[in-house]
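Here is the structure we will look at, set down as structure tokens.
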Amino acid sequence: MIELSHVKKTYRDRTVLEIDTLTVPQGETLALVGPNGCGKTTLLRILAGRLKSTEGSVKAAAPVLYLPQKPYAFRGTVLHNILLGTHKKRGEALRLLEETDLLHLKDKKAASLSGGELQRMALCRLLVRPCSLLLLDEPTSACDAAGTELLLGVLRRYREATGCTMVLSTHTPAVALNTANRLIILNGGTIEADGGPQTILRAPESDWAKQFIAGWRI
Amino acid sequence: MEESFRKAFELLLSRDPELLQILGVTLRMSFFSTTISCLIGLPLGTLLGTHRFPGKGVLKKLIHTLMGLPPVVAGLIVYMLFTHYGPFGRLNLLFTVDVMVVAQCLLITPVVIGLSSSYMETATKHTIETAKGMGLSRGRVLFLCLSENRASLLSVVLNAFGRSIAEVGAVSIVGGNIQWKTRVMTTAIMLETNKGKFHFALALGIVLLLVAFVVNVAASWTVREARDD
Ligand SMILES: Nc1ncnc2c1ncn2[C@@H]1O[C@H](COP(=O)(O)OP(=O)(O)O)[C@@H](O)[C@H]1O
Ligand SMILES: [Mg+2]
């Protein structure tokens, strides 16, 4: 569950995010889309408690898990990375690695993984842990089509098993449309369109949103 | 110069008992000064570098000022604390190796805090963002920040060791340069210089440098180990 009201984030005198109200019921999956710099990362970091909003109130369910936009490898092997702080979950870690096609890399140093492999590992590292709010910043940006499919499958199962609320940002239309039951288009820090993906596709709320979706070419 | 080098090697090879004793005191003192100031300074420096709180700016300036604390002043402060009538006079520690370690920690801990905090400020951004995102506890995040950067932090430790082994002002005030007890390499060098035995003093200096070199080689070897794992 998420409740934002009158949230505003400014750097010096520049407003990068301004959201009047946003309510996300428990269990919903929300996709954030919009051009570079529209405020997706800012919003996710505010929800994750990593960034304080300049104004307004933010309520979010806990515990929260948050995947930063830039995947990061800790020292040590892939398996060590995944089990950090949760050593009893070995079986579950192995299952996740299997499902994301990383099992053969489990004893490799995490720092030596390719971009797409690292991104999959970063997601496994989150998903061995339970949460009620899952925040993912461009979780498939470095993955090819096959890698993206694997990740979406794992995400779907995690969501079903935990009933968590999920918010993810993406530049890939298919990711937004296949995972989310709600779509928000951000533009210059404000919400340009908000609703069911099919509704928005059929009848965008504004000209800007219409043009943005036309760029998707689906 | 040539004579000093010859003397230095003669000294080392002769296994002169007094020289060995002085070397032993020096290494013992530097080991404890370095260890204690790093055990205090590295976690504090990491906390300072990775957290925001009111008064942080003032605290940083204070630490940077303390980084420039003249050793004789540190020695004087500790001397006044541990002298017979001072607040810790009952401990009877003045002119012991223990109190030399205390004085050196006063000097070196701010350096360790200052260096590690400015390094950690920039180096731990992704570590913290990722670890907090995983819901890890504060303690574990701190530990991760330290262990992720252990190769770079080792150079802070070496800097601390270098300062400790080379320091003379504080240890001569609180240690008193007592033969067979609190005399270390630097105070011995000063004594020989004052006596006019320049070649012998320089020989001692060369021995000191050799010891520092061996420690540095051992440490850089550890760094390589840490990088490879
Ligand atoms: N620390 C910062 N200082 C100043 N401006 C920032 C800072 N962080 C982000 N911004 C600005 O905020 C805007 C939104 O950024 P971001 O949320 O990262 O966009 P997105 O993730 O949608 O690409 C961008 O214009 C960016 O330049
Ligand atoms: Mg972003």
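The values are calculated or read from the model by the stated rules, or taken from the named source; none is laboratory data. For clarity, every value in this text was computed on a predicted model and none was experimentally measured. Note that each Cβ is placed from the backbone with ideal geometry, even for glycine, and that neighbours are counted across all protein chains shown. These area figures cover heavy atoms from the full protein model, side chains too; ligands, DNA and RNA do not enter into them. Shrake-Rupley method; radii C 1.70, N 1.55, O 1.52, S 1.80 Å.
A few notes on this one:
- Spin-label zone in the stretch B:173-195 - amide nitrogen under 11 Å from a point set 7 Å from the Cα of B:ASP16 along the C-beta vector: B:189, B:192
- Pairs of Lys residues in chain B, spaced 8 or more positions apart or belonging to different chains, with C-alpha separations under 21 angstrom: 5 in total.
- C-alpha long axis of helix A:145-162 to longest principal axis of chain A, angle in °: 90 degrees
- Listed residues B:SER137, B:SER116, B:SER147, most fluctuating in chain B (Gaussian network, C-alpha, under 10 Å): B:SER137
- Candidates B:ILE165, B:MET120, B:LEU76 compared by Cα position along the dipole of the protein assembly as shown: farthest toward the positive end lies B:LEU76, with charges placed on Cβ.
- The mean sequence distance of close C-alpha pairs (under 8 Å, at least 6 residues apart), as a share of the length of the stretch A:148-218, puts its relative contact order at 18 percent.
- Sparsely packed chymotrypsin sites (Phe, Trp or Tyr not before Pro) within the stretch B:1-99, loop by DSSP, other Cβ within 10 Å at most 15: B:TYR85, B:PHE88
- Calculated SAXS-style log₁₀ I(q)/I(0) at q = 0.06, 0.14 Å⁻¹ - the protein assembly as shown, Debye, Cα scatterers: -0.41, -1.21
- Relative contact order for chain A, counting Cα pairs under 8 Å that sit 6 or more residues apart, in percent: 27 percent
- Counting lysine pairs in the stretch A:2-214 that sit 8 or more residues apart in sequence, or on different chains, and whose Cα atoms lie under 16 Å apart gives 9.
- The Rg/Rh ratio for the stretch B:1-78 is 1.21, where Rg is the radius of gyration of the alpha carbons and Rh is the Kirkwood radius.
- Other residues lying with their Cβ under 11 Å from the Cβ of B:GLU10 contribute a combined charge of +1, Lys and Arg counting +1, Asp and Glu -1.
- Per-residue [θ]222 nm for chain B (sum of -39500 (n - 2.57) over DSSP H runs n ≥ 4, rounded to 500): -26500 deg cm²/dmol
- Across peptide A:82-92, the mean count of Cβ atoms from other chains lying within 10 Å of each residue's own Cβ comes to 2.
- Cα centroid separation, the stretch B:1-53 to the stretch B:111-190 (Å): 13 Å
- Taking the DSSP bridge list for the protein assembly as shown and keeping only pairs wholly inside it, about 55 percent are antiparallel.
- The stretch A:81-147-the stretch A:1-39 distance, computed between alpha-carbon centres (Å): 27 Å
- Spherically averaged projected area of the stretch A:12-124 from its Cα convex hull (nm²): 9.3 nm²
- The GNM of chain A, with springs linking C-alpha atoms under 10 angstrom apart, assigns the highest mean-square fluctuation among A:ILE82, A:ILE19, A:ILE185 to A:ILE19.
- Debye, to nearest 20: dipole size of the stretch A:2-214, +1 on Lys, Arg Cβ, -1 on Asp, Glu Cβ: 880 debye
- Positive-end residue of B:ALA201, A:GLY115, B:SER220, charge dipole of the protein assembly as shown with Cβ unit charges: B:ALA201
- Scanning chain B for long hydrophobic helices, with DSSP H runs required to stretch 27 angstrom or more by C-alpha along their axis and to average at least 0.0 on the Kyte-Doolittle scale, returns B:17-50, B:97-123, B:198-228.
- Charge dipole of chain B (Cα centre as origin; +1 on each Lys and Arg Cβ, -1 on each Asp and Glu Cβ, all else neutral): 640 debye, rounded to the nearest 20.
- Chain A - Debye-derived log10 I(q)/I(0), Cα point model, q = 0.10, 0.16, 0.17, 0.18 Å⁻¹: -0.45, -1.09, -1.20, -1.31
- One equal scatterer on each Cα of chain B, no solvent, Debye formula: the resulting log10 I(q)/I(0) at q = 0.09, 0.16, 0.18 Å⁻¹ is -0.45, -1.11, -1.26.
- Averaged per residue, the stretch A:2-214 has 45 square angstrom of accessible surface, using a 1.4 angstrom probe with ligands and nucleic acids left out.
- For A:46-52, mean number of other protein chain Cβ atoms within 10 Å: 1
- Shielding by partners, peptide B:126-132 (average Cβ within 10 angstrom, other chains): 6
- Pairing chains B and A buries close to 1700 square angstrom of accessible surface in total, based on protein heavy atoms and a 1.4 angstrom probe.
- Approximating the spin labels as points 7 Å out from Cα along Cα→Cβ, the B:VAL72-to-B:THR35 distance works out to 3.2 nm.
- Of B:SER33, B:ILE22, B:GLY49, farthest towards positive along the dipole that unit charges on Lys, Arg, Asp, Glu beta carbons give the stretch B:1-78: B:GLY49
- Rounded to the nearest whole angstrom, the semi-axes of the ellipsoid equivalent to the stretch A:173-218, taken from the Cα gyration tensor as √(5λ), stand at 15, 12, 10, largest first.
- Mean separation of Cα pairs under 8 Å and 6 or more residues apart, divided by the residue count, gives the stretch B:2-228 a relative contact order of 33 percent.
- Share of carbon and sulfur in the accessible heavy-atom surface of the stretch B:2-228 [1.4 Å probe, %]: 67 percent
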